[in-house]
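Please read the structure below before turning to the comments.
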Amino acid sequence: MDFNFTTKQTEFRSTVHDFIENNWVKGAWAARSERWKAARAYESSLADGGWLTMSWPEDYGGGGATYWEQMIFNEESALANAPSGGQGADRVGPVLIIHGTDAQKQEHLPPIAQGEVMWCQGYSEPGSGSDLASLQTRATRDGDDFIINGQKIWTSGAMEADWVHILTRTDAEAPKHRGISYFMLKLDTPGITIRPISQLHDEGDSDGHGFNETFFEDVRVPAKNMIGEENRGWYVAATALDFERSGIHRMAGAISPYYRLLENAKEVNSRGRGRKISDHAPSRQALAETRIEIEVARYLGYRVTWMQASNLVPNQESSMSKMFGSELQQRTARRGISMLGLYGGLRPSDSHAPLSGEFCQYYMTTVSLTIAAGTSEIQRNIIATRGLGLPRG
Ligand SMILES: Cc1cc2nc3c(=O)[nH]c(=O)nc-3n(C[C@H](O)[C@H](O)[C@H](O)COP(=O)(O)OP(=O)(O)OC[C@H]3O[C@@H](n4cnc5c(N)ncnc54)[C@H](O)[C@@H]3O)c2cc1C
């Protein structure tokens with residue numbers, strides 16, 4: 001088995017690296033209140049550089065990049081802690097390319113490819129997350145329109161976005177997967193209210209929130225904005241979820257914190273007895289374990305890309321990469337906090353915080369990783385049933 005990248009891929013990686021280095025301002029989203037604006041501005045430069053839709057077919061303004069090139073781009077972006085795209089380029093565009101009408105493609109693909117619009121995802125509801133198909137937000141036909149009533153939650157970025165792609169129930173009598181329709185909806189449509197949900201790591205910065213609850217009261221959406229057929233929206237959404245790629249960014253997200261810890265452990269005596277952290281056997285072992293796990297996560301991610309590039313459909317393999325990568329980040333954060341001792345839990349705003357409080361922030365940020373995009377329990381269910389052939393519980 002040859003794990004090496006080809007010369008062409010290695011050159012491609014260095015081109016990507018240079019682009020990110022020259023265009024992404026390091027620490028641009030250190031201030032949480034600025035992070036969505038920074039991401040939006042960077043999306044424009046990604047579009048200008050042809051990176052935003054690099055894997056779309058060329059006919060639709062894409063770059064026709066290979067799975068490996070997209071994976072390399074995502075990996076390098078995560079290593080630099082830079083965004084690599086958004087809901088428009090990663091979800092809405094690819095879904096429209098497969099299920100959209102010609103008119104929808106003409107209206108929506110160019111602004112996405114040019115980085116001019118920001119999209120958010122309106123799937124989850126207060127009572128429907130893992131069991132998404134139980135969603136209750138209703139869309140009722142009224143002439144050439146549908147009227148939407150209901151509530152979405154955890155709508156990341158809604159306060160900054162222009163459009164939402166949203167799942168609604170259009171047939172309450174049908175079995176739950178067969179009564180759902182998928183719409184594109186402009187967020188300034190009358191009847192939409194977006195309320196922020198603050199998180200622990202927002203640190204009282206009310207503009208820094210990323211989460212929202214989104215309410216829909218008699219919101220009119222033209223029927224022409226439905227993607228795919230009425231009541232077949234679940235299957236369109238399934239296509240969208242298939243675009244979740246190798247998950248390599250989760251592994252890459254642990255690398256920079258790991259190196260910060262390693263260097264700190266070699267240099268700093270934070271235990272007050274004339275010994276460096278690296279003299280402490282449990283800390284040494286934790287660092288070694290993290291290094292090994294990063295390599296395991298890397299190859300779980302590469303396996304997904306290899307399957308896609310070989311025309312195989314990854315299934316439980318994606319769940320393994322997702323689960324292991326997100327849990328790796330949580331373990332890295334926990335190990336960091338523990339190695340830094342009692343001060344490790346101090347926030348960035350505290351002048352006594354070691355490593356500028358980044359591990360406290362990392363710890364809080366990574367809590368949600370095993371919930372977003374399918375919880376660890378759901379991933380384990382997939383691995384158990386589809387991967388190991390065990391019966392459903
Ligand atoms: C950072 C982040 C960003 C998000 N962004 C968005 C967004 O932009 N748009 C959007 O629509 N949603 C978004 N979500 C919501 C996300 O998709 C849901 O939180 C997720 O699907 C879990 O749903 P839930 O929160 O309702 O938890 P639930 O489904 O209620 O789960 C609660 C607990 O029960 C467990 N559980 C549930 N079912 C099973 C089962 N069958 N077997 C074993 N255990 C089970 C879960 O693992 C979990 O521990 C985001 C979430 C996070 C954390």
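Results for (1) buried (at least 17 other Cβ atoms within 10 Å of the Cβ); (2) among the charged types (D, E, K, R); (3) at pLDDT 90 or above, shown as yes or no for each residue.
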site	(1), (2), (3)
ILE20	yes, no, yes
LYS26	no, yes, no
ALA39	yes, no, no
ASP48	no, yes, yes
PHE73	yes, no, yes
LEU96	yes, no, yes
GLN106	no, no, yes
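Among the residues of segment 148-160, those that are open to solvent by less than 30 Å² (accessible area, probe 1.4 Å) and at negative phi comprise ILE148, LYS152, ILE153, THR155, ALA158.
Yes/no matrix, rows are residues, columns are (1) assigned by TED's automatic domain parsing to the domain that holds TRP68; (2) out of contact with any Pro (no Cβ under 8 Å at 6 or more places or on another chain); (3) over 29 Å from ARG386 (Cα atoms):
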{"residue": "ALA281", "(1), (2), (3)": "no, yes, yes"}
{"residue": "ARG284", "(1), (2), (3)": "no, yes, yes"}
{"residue": "ARG291", "(1), (2), (3)": "no, yes, yes"}
{"residue": "ILE294", "(1), (2), (3)": "no, yes, no"}
{"residue": "ALA297", "(1), (2), (3)": "no, yes, no"}
{"residue": "VAL304", "(1), (2), (3)": "no, no, no"}
{"residue": "GLN308", "(1), (2), (3)": "no, no, no"}
{"residue": "VAL313", "(1), (2), (3)": "no, yes, no"}
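Of the residues that sit in segment 136-163 and are of a type in the set (Val, Ile, Thr) and within 16 Å of the ligand (Cβ to nearest atom), which one is nearest to the chain's Cα centre (by Cα)? It comes out as THR155.
Taken over segment 350-383, residues that are under 17 Å from the mean Cα position of the chain (by Cα) and either of a type outside the set (Val, Ile, Thr) or not in a helix (DSSP H, G or I) (or both) amount to 11. Looking at segment 81-94 only, could you name the residues that are open to solvent by 40 Å² or more (accessible area, probe 1.4 Å) and either more than 11 Å from the ligand (Cβ to nearest atom) or over 18 Å from LEU187 (Cα atoms) (or both)? Listed by number, the residues that qualify are ASN81, ASP90. Taking the listed residues THR101, THR66, the one that is closer than 23 Å to TRP163 by Cα and open to solvent by 60 Å² or more (accessible area, probe 1.4 Å) is THR101, with no other qualifying. Residues in segment 111-135 that are of a type in the set (Asp, Glu) and either within 8 Å of the ligand (Cβ to nearest atom) or closer than 13 Å to GLU213 by Cα (or both) were compared, and the one that is surrounded by the most Cβ atoms within 10 Å (Cβ to Cβ) is GLU125. With the requirement that a residue be in contact with a Leu (Cβ under 6 Å, 6 or more places away or on another chain), within 15 Å of the ligand (Cβ to nearest atom) and closer than 14 Å to ILE337 by Cβ, what does segment 348-393 give you? Hit for segment 348-393 is MET364, nothing else. Would you say THR53 is of a type in the set (Val, Ile, Thr) and either within 16 Å of the ligand (Cβ to nearest atom) or open to solvent by less than 50 Å² (accessible area, probe 1.4 Å) (or both)? Criteria met by THR53.
Using the structure shown, decide if ARG138 is without any contact (Cβ under 8 Å) to a residue 60 or more places away in the chain and open to solvent by 30 Å² or more (accessible area, probe 1.4 Å). Judged against the criteria, ARG138 is a match. Look at segment 355-379: where a residue is touching a residue at least 60 places away in the same chain (Cβ under 8 Å) and a partner is away from the ligand (no atom under 15 Å from the Cβ) and open to solvent by 50 Å² or more (accessible area, probe 1.4 Å), sitting 6+ places away or on another chain with Cβ atoms under 8 Å, you get LEU355/ARG260; GLU358/ARG260; GLU358/PRO348; GLN361/ARG347; GLN361/PRO348; GLN379/MET320. Just one of the listed residues (ARG303, ARG386, ARG334, ARG347) is surrounded by fewer than 15 Cβ atoms within 10 Å (Cβ to Cβ) and either under 21 Å from the mean Cα position of the chain (by Cα) or assigned to a helix (DSSP H, G or I) (or both), and it is ARG386.
At pLDDT 95 or above, in the same structural domain as GLY150 (by TED's automatic domain parsing), of a type in the set (D, E, K, R) and within 19 Å of GLY129 (Cα to Cα): is that true of ARG178 in this structure? Taking the combined requirement at face value, the residue satisfies it.
The values are calculated or read from the model by the stated rules, or taken from the named source; none is laboratory data. All values reported here derive from a predicted model rather than from experimental measurement. Neighbour counts are summed over all protein chains in view; Cβ atoms, including those assigned to glycine, are modelled from backbone coordinates with ideal geometry. Just the protein is used for accessible areas: all its heavy atoms, side chains included, with ligands, DNA and RNA removed. Shrake-Rupley method; radii C 1.70, N 1.55, O 1.52, S 1.80 Å.
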